[in-house]
Amino acid sequence: MATEVYRESFERRTKTVRYIRFLEGLADTQVGPIYLGMWGALAFFSYLLCVFITAIGFGEQVGYNPIRFLRELPVLTLYPPPPSYGLRMAPLQEGGYWQLATLFLSLTLVFWTIRIWTRAVANGLRPMVPIAFSAALFLYAAIYIIHPIWVNSWNEAPPHGLRGILLWTNHFSVKYGNFYYNPFHMLSIYGLLGSTLILAMHGGTILATLAYGAHREIDEIEKSDEGTHRSQLLWRWVMGFNATAYSIHQWALGFATLTAVAGALGVLFSGPVEPNWYLWACRAGITPAAQAACAP
């Protein structure tokens, strides 16, 4: 019955496709198993522009030598503008490439989020995937956009490039008094490890009950059978509480969302709210063995 309703809904939707002229023939096409759509096409073109601008910036650094480009790719970096530019547009060689690449990267993520949302709605699904993805989007925005604007300098944002992002991570932690003492960073790691543990145990439970059909999760969620019952028993006996085939995914989503949201808050509050997390830890009594070092 559900299959027939879905098929009727799909046929009704496909009869009301709207085309945008400059993307006609592309905006409603399917690339392999992936439906592109207007928002998917916009995300694709925006990401191409981001990659193109980044490649031009990297190319200038190696004199457009393809051999040097491939050899030095892991260390090539597009840096944001110096602090003297604040939030102003900088020349291309002094951070302008980074600003343009970041602009199109941000648009790509926004377009892709809208694409996921519209695909969910078109298929009659709750938009839980784009809602979950928005947590990661919030973390990205906090690092690349909101925090730099709050402190009035694009220089606070990470560079583009493998070496650059790793150096920024270390530099940002040291600049604000060691991120290990940031309570929001602690919560973020807690969420990361929690979601990893829950998903690992969930996967192990499903594999343990394959013989009873627990791997057919969609069927088990709609109408629980022996596989789900035995899985729930295992969790109740081993963990001390009962997790259903549905609630385990809620737990994992909650922990994963906590990872991104807490991490974003930790970045946002670094500087404007707390300039030194180590001194904050001293005041909070987290480092009692080093009280002398904490004295102003």
Q.
Go through (1) surrounded by fewer than 20 Cβ atoms within 10 Å (Cβ to Cβ); (2) of a type outside the set (A, V, I, L, M, F, W, C); (3) touching a Pro at 6+ places or on another chain (Cβ under 8 Å); (4) at pLDDT 90 or above for P183 and report which single condition fails.
A. (3)
Q: List the number of the failed condition for P130; all other conditions in (1) assigned to a loop (DSSP other than H, G, I, E, B); (2) surrounded by 16 or more Cβ atoms within 10 Å (Cβ to Cβ) hold.
A: (1)
Q.
Restricting to the range 241-285, name every residue that is assigned to a loop (DSSP other than H, G, I, E, B) and either touching a Leu at 6+ places or on another chain (Cβ under 6 Å) or farther than 22 Å from F172 by Cα (or both).
A. F241, N242, A243, T244, A245, Y246, G285
(Q) Regarding the range 147-154, can at least one residue be identified that is in a helix (DSSP H, G or I), within 29 Å of A252 (Cα to Cα) and not assigned by TED's automatic domain parsing to the domain that holds G37? (A) yes
**Q.** Residues (small (G, A, S), in a helix (DSSP H, G or I) and in contact (Cβ under 8 Å) with a residue 40 or more places away in the chain) located in the range 156-189
**A.** G164, S188
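Quick one: would you say F138 is in contact with a helix residue (DSSP H, G or I) (Cβ under 6 Å, 6 or more places away or on another chain), crowded, with 17+ Cβ neighbours inside 10 Å and either assigned by TED's automatic domain parsing to the domain that holds A55 or of a type outside the set (A, V, I, L, M, F, W, C) (or both)?
So F138 does not fit the description; no.
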Q: Considering every residue within the range 88-106, establish whether at least one is in a loop (DSSP other than H, G, I, E, B) and surrounded by 15 or more Cβ atoms within 10 Å (Cβ to Cβ).
A: yes
**Q.** Given (1) exposed (fewer than 15 other Cβ atoms within 10 Å of the Cβ); (2) assigned by TED's automatic domain parsing to the domain that holds G263; (3) part of a helix (DSSP H, G or I), number of the condition S195 does not satisfy
**A.** (1)
Q) How many residues are hydrophobic (A, V, I, L, M, F, W, C) and without any contact (Cβ under 8 Å) to a residue 12 or more places away in the chain when one looks only at the range 190-200? A) 3
Q: Among the residues of the range 134-188, count how many are of a type in the set (G, A, S) and under 29 Å from L70 (Cβ atoms).
A: 3
Q: Would you mention how many residues in the range 141-180 are on the phi > 0 side of the Ramachandran plot and buried (at least 20 other Cβ atoms within 10 Å of the Cβ)?
A: 1
Q. Can we say W112 is of a type outside the set (S, T, N, Q), within 15 Å of A157 (Cβ to Cβ) and surrounded by 20 or more Cβ atoms within 10 Å (Cβ to Cβ)?
A. no
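The values are calculated or read from the model by the stated rules, or taken from the named source; none is laboratory data. Model, not experiment: these values are computed from the prediction. For neighbour counting, all protein chains shown are included, and Cβ atoms are generated from backbone atoms with ideal geometry for every residue, glycine included.
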